[in-house]
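Participant: Dumping the structure here so I can ask a few things about it.
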Amino acid sequence: MNGSADLPACPGKVPQCRDQRIQLVELREPAPVLFNTLEADEIYTQLAEKLGILYKKGGLYDILNNFVDPRVHEHGLNLNEGFKLDIYKKHTTEEIYDQAFRGWKHNTEKQNLNDLKKTGFMVKWDPPREHYNYYFFPGSQTRHPFYFNHLKKTGEELKANMAKVNFTFPGDNMDEFFDEYQPIPHWIENSEFRAPPEYDLWVVNWMTPYFTHDASGMRPETPGWPKSIPRTLMKELFASIPPPPKRKICGTVIR
């Protein structure tokens, strides 16, 4: 299960809408159990119990009760007040998720995990005014960073670590490689723009992979293990063909 996302989508009832931020919880049911295999959370629970760190104050259940999602904060599937775990009793994975979902900030209908299994997801649309940073920082307080110090620091650390082991990427110009770690965004010409002039046909092949906030594989009518993978994989082929036709093809970079 996961919760909260920003998706470029629109509910049918919202007119003249382009990008809409949503609060979302999705359920992906696992594949059938084979032999004596266990789901990862069940393994962690067994280990914590054997190590004596599952129950009581300071135990795993107590930590879960006080955990707040570091990415979406109060919008995440936290164990909120009134829905916390009994730290002196063992809980199944389903019980924990049921508690978290029933106490989810945006679950105003107070549905439970069984209700979620029927639909596969619950989505709540945020007001359009909350799509813009200045809503949260009124009075022209919004800051737009253009100097990315973390990118610069990462490049410096990577360069130092590669130098320690005398490592380079075969065939790559390392000055050009580390040029991508500059803290201020700037244009970098790539190999596609240096293709031989006789190759003037561009071909771009793009595939949408499965990702966390994709509801395509969560539909309740999808039986059993297929819920663990997307129902469909979309493949798109785009070609921009300049005149004249019947030229040699150079993709990314296709020889």
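The numbers here are math on the coordinates, done by the rules we state, and not lab data. Just so we're clear, the structure is a prediction, and the values are computed from it rather than from any experiment. Reconstructed Cβ throughout: ideal geometry from the backbone, glycine too, with neighbour counts over all protein chains shown.
Participant: Which of K50, K84 has the fewest other C-beta atoms within 10 Å, and how do the rest follow up to the most?
Facilitator: Listing K50, K84 from fewest to most nearby Cβ atoms yields K50, K84.
Participant: Between F178 and E109, what is the spin-label point distance in nm, taking each point 7 Å from the Cα along the Cα→C-beta axis?
Facilitator: Between F178 and E109, the label points sit 5.6 nm apart.
Participant: Which stretch or stretches of the stretch 69-113 have amide N atoms under 17 Å from the point lying 7 Å from H150's Cα along the Cα→Cβ direction?
Facilitator: 69-73
Participant: Could you give the nm distance between label points at I53 and W125, where each point is 7 Å from its Cα heading toward the beta carbon?
Facilitator: Using points 7 Å along Cα→Cβ, the separation is 4.6 nm.
Participant: When you count, for each residue, the other Cβ atoms within 10 Å and take the mean per peptide, how do 62-74, 167-179 rank with the highest first?
Facilitator: Sorting 62-74, 167-179 by mean packing, highest first, produces 62-74, 167-179.
Participant: Let me ask something else about it. Neighbouring Cβ atoms within 10 Å as the yardstick, rank E81, E180 fewest first.
Facilitator: E81, E180
Participant: Please list 3J(HN,Hα) in residue order for the stretch 119-134, calculated via the Karplus relation 6.51 cos²θ - 1.76 cosθ + 1.60 where θ = phi - 60°; whole Hz, with x for glycine and proline.
Facilitator: With the stated coefficients, the stretch 119-134 comes to 9, x, 6, 10, 10, 10, 8, 6, x, x, 4, 8, 7, 10, 4, 5 Hz.
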